[in-house]
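Engineer: Could you have a look at this structure, given as structure tokens, before my questions?
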Amino acid sequence: MLCTKINDSMNVLLLGSGGRENAIAWKIAQSPLLTKLYIAPGNAGTKDCGTNLDIDILNFALLKKHVLEKKINFVIVGPEEPLVKGIYDYFLADKELSHIPVIGPSAKAAALEGSKDFAKKFMAKYNIPTARYNTFTKETINEGVAFLRTLRPPHVLKADGLAAGKGVIIPLTTTGAENELKEMLLEEKFGAASSKVLVEEFLIGTELSVFVLTDGNTFHILPEAKDYKRIGENDTGLNTGGMGAISPVPFADAKFMDKVKERIIVPTVEGLKKEKLEYKGFIFFGLINCQGNPYVIEYNARMGDPETEVVIPRIKSDLLLLLHAVATKSLHKTHIEIDKNPAATVMMVSGGYPEEYEKGKEITGLDKVKDSMVFHAGTKMNGDKVVTNGGRVLAVTSIKPTLKEAIVASYESIAKINYEKKYYRRDIGKDVGA
Ligand code: AMP
Ligand code: GLY
């Protein structure tokens, strides 16, 4: 392992403002390689890891101005939108920026997340196991209805493009699915994102998230995680951005993970190479375990949230060193050390989320938490007070010798933190017996 400075200075800019970015910022801030960390726009938690920059991360020209002014020489992208919109390519094409690595895929490769149709075609080409499907447009809606009728309900309908996590609909009846397909294609329910719609076979199994860090040649598999998407206990109610996560995932044993590697990860990384899709960053495999066999539900071109809040604390190695190796395509020279102890994160949200909720509620008790890490998701400073600023507010993570202890520690920490209408699920990890 290198332990001297890789560059004369490492001024890092991290893009994003959620719990994921707070966890990444927390980890990067511990690196002896770091000179200075900026987070744009960040939140009340990231400000303790570096300097927040209040800028719009989709305004690449503005980002450039700040990067040059602050002598930033390394960029890490948290969320998908800048990636799908081509931030990697923007830097590469600009004379003043092209020497600055951007951690994340090129826009063409980020289409693995940005276009579900593209992702499915890629999987078909490289024999990566996934649900049977077909893609339809306005013009082929009748074929779509006919295809739906060949599948057993529930049906899975997916808008092709990015739809803020809302583009997947699973109607329980064939009639419901036909109506939904019409709304998506003819009434543009998700705007341009649903100008193409995928109709997919419904897979039965338990989901998990697997993450890989790749330099385009080789990869490290990061700890896997399971997130809890529904707002209510026992996985009931509306879908959310994620209400908690655990890592490792008890059912993802060595045999299962070997299948994931052999059938999914290796063909994906090799496929990217063959297609000449430049990818230097995290690949998120949304998987489902169907009777011991992994299938891909979706790809994301980034880390998951709240999975990052359990994955990152379990990485013992220097993340900045690994990311630098990604940028210089020397990942094969590094190894990654993972903490064997399990991690659990419980998300504290605003009452009402994922529907209407209020912001600006003062958060107290953060200083009383000693046994957990509190990653901020939707917070900001109001004077010297930390206030809520989103639906998902705080991710409370604990690492302990057992998953059960980690979960108990997170709940004990949550009891010390208060704001009006705080809500959290009390059953994180219960489904896996923790
Ligand atoms: P996605 O945005 O593709 O992750 O889909 C959102 C959620 O829909 C997934 O996390 C799954 O719970 C569910 N889902 C998507 N595709 C399928 C499928 N083919 N079979 C069963 N559930 C699915
Ligand atoms: N936790 C799922 C996601 O980040 O998309």
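Taken together, the values in this text are just the output of simple stated rules run on the coordinates, not laboratory data. Since the structure is predicted, the reported quantities are computational estimates derived from the model, not experimental observations. All Cβ positions, glycine included, derive from the backbone under ideal geometry; neighbour counts span all protein chains shown.
Engineer: Could you tell me which of 346, 326, 315 has its Cα farthest along the dipole of region 251-396 towards the positive end, charges placed at Cβ (Lys, Arg +1; Asp, Glu -1), taken about the Cα centre?
Structural biologist: 326
Engineer: In addition: Of all the C-alpha pairs in region 227-284, what % are more than 17 Å from each other?
Structural biologist: Distances greater than 17 Å cover 61 percent of the Cα pairs.
Engineer: Which value, in debye to the nearest 20, describes the size of the charge dipole of region 303-351 about its Cα centre when Lys and Arg Cβ atoms bear +1, Asp and Glu Cβ atoms bear -1, and nothing else is charged?
Structural biologist: 240
Engineer: Counting other Cβ atoms within 10 Å, keep those with at most 10, restrict to DSSP loop, and tell me which trypsin sites (Lys or Arg not before Pro) in region 359-398 are left.
Structural biologist: 370
Engineer: Of 108/422; 95/261; 85/125, which ones are farther than 31 Å apart at the Cα?
Structural biologist: Beyond 31 Å between Cα atoms: 108/422; 95/261.
Engineer: With no solvent and one point on each alpha carbon, what is the Debye value of log10 I(q)/I(0) for the chain at q = 0.08, 0.12 Å⁻¹?
Structural biologist: Log10 of I(q)/I(0), two decimals: -0.44, -1.03.
Engineer: Now for a separate question. Of all the Cα-Cα pairs you can form in region 330-400, what percent are over 17 Å apart?
Structural biologist: Tail of P(r) above 17 Å: 55 percent of Cα pairs.
Engineer: About its Cα centre, how strong a charge dipole does region 49-144 have in debye, to the nearest 20, once Lys and Arg get +1 and Asp and Glu get -1 at the Cβ?
Structural biologist: For this selection, approximately 280 debye.
Engineer: Something else about it: Give me the orientation-averaged projected area of the Cα convex hull of region 246-393, in nm², one decimal.
Structural biologist: Reported value for the Cα convex hull: 12.1 nm².
Engineer: Dividing the alpha-carbon radius of gyration of region 192-293 by 2.2 N^0.38 Å (N being the number of residues), what value is obtained?
Structural biologist: Against the compact-globule rule of thumb, the ratio is 1.22.
Engineer: Stokes-Einstein diffusion coefficient for region 132-171 at 4 °C in a medium of 1.567 mPa s, Rh from the Kirkwood formula over Cα pairs: what value in µm²/s?
Structural biologist: 117
Engineer: Under a point-charge model restricted to the Cβ atoms of Lys and Arg (+1) and Asp and Glu (-1), what is the dipole moment magnitude of the chain relative to its Cα centre, in debye to the nearest 20?
Structural biologist: 660
Engineer: I've got another one for you. Within a Cβ distance under 14 Å of residue 415, other residues only, what is the Lys/Arg minus Asp/Glu net charge?
Structural biologist: Net of charged neighbours comes to +3.
Engineer: Suppose we look only past 19 Å in the calculated P(r) of region 27-80. What percent of the Cα-Cα pairs does that tail hold?
Structural biologist: Of all Cα-Cα pairs in region 27-80, 24 percent lie more than 19 Å apart.
Engineer: To check my understanding: the extent here is largest minus smallest coordinate of the Cα atoms along each principal axis. What are those three numbers for region 150-190, in Å, largest first?
Structural biologist: 27, 19, 14
Engineer: Right, something else. How much length is gained on full extension from residue 411 to residue 61, taking 0.36 nm per residue of separation minus their Cα-Cα distance?
Structural biologist: Taking 0.36 nm per residue and subtracting the Cα distance, the gain is 121.7 nm.
Engineer: If you don't mind, there's one more thing I want to ask. Taking only the alpha carbons of region 17-159, what extent do you get along each of the three principal axes, in Å, biggest first?
Structural biologist: 58, 33, 27 Å, listed from the longest principal axis down.
Engineer: Here's something else I'd like to know. Using only the alpha-carbon atoms of region 72-219, report the extent along each of the three principal axes, biggest first, to the nearest angstrom.
Structural biologist: Cα spread of region 72-219 along its principal axes, largest to smallest: 55, 32, 23 Å.
Engineer: Further question on the same structure: Could you go through region 129-140 in sequence order and give the Karplus-derived ³J(HN,Hα) for each residue, using 6.51 cos²θ - 1.76 cosθ + 1.60 with θ = phi - 60°, rounded to whole Hz, and x for Gly and Pro?
Structural biologist: Result, ordered by residue: x, 7, 5, 4, 7, 8, 10, 10, 10, 3, 5, 10 Hz.
Engineer: Using a cut-off of 12 Å between alpha-carbon atoms, which aspartates and glutamates can reach residue 273, once sequence neighbours fewer than 8 places away in the same chain are excluded?
Structural biologist: 215
Engineer: Please order 276, 259 by the number of other Cβ within 10 Å, starting at the fewest.
Structural biologist: 276, 259
Engineer: In whole Hz, with x marking every Gly and Pro, tabulate ³J(HN,Hα) for region 393-409 from phi via Karplus 6.51 cos²θ - 1.76 cosθ + 1.60, θ = phi - 60°.
Structural biologist: Couplings: 9, 9, 10, 9, 10, 9, 10, 9, x, 10, 4, 4, 5, 5, 5, 4, 4 Hz.
Engineer: So for the chain: antiparallel DSSP bridges make up what percent, rounded to the nearest 5?
Structural biologist: 80
Engineer: Give me the percent relative contact order of the chain, please, defined on Cα pairs under 8 angstrom at least 6 residues apart.
Structural biologist: The value is 16 percent.
Engineer: Once phi is turned into ³J(HN,Hα) by the Karplus curve 6.51 cos²θ - 1.76 cosθ + 1.60 with θ = phi - 60°, what whole-Hz value does each residue of region 180-195 show in order, with x for glycine and proline?
Structural biologist: Per residue, the Karplus-derived 3J(HN,Hα) values read 4, 4, 5, 4, 5, 7, 8, 9, 6, 3, 10, x, 4, 4, 10, 6 Hz.
Engineer: Straight distance only, please: which aspartates and glutamates reach the Cα of residue 116 with their own Cα at less than 16 Å, same-chain residues fewer than 8 apart left out?
Structural biologist: Answer for residue 116, where 16 Å is the Cα cut-off: 80, 81, 160, 200, 201, 298, listed by chain and number.
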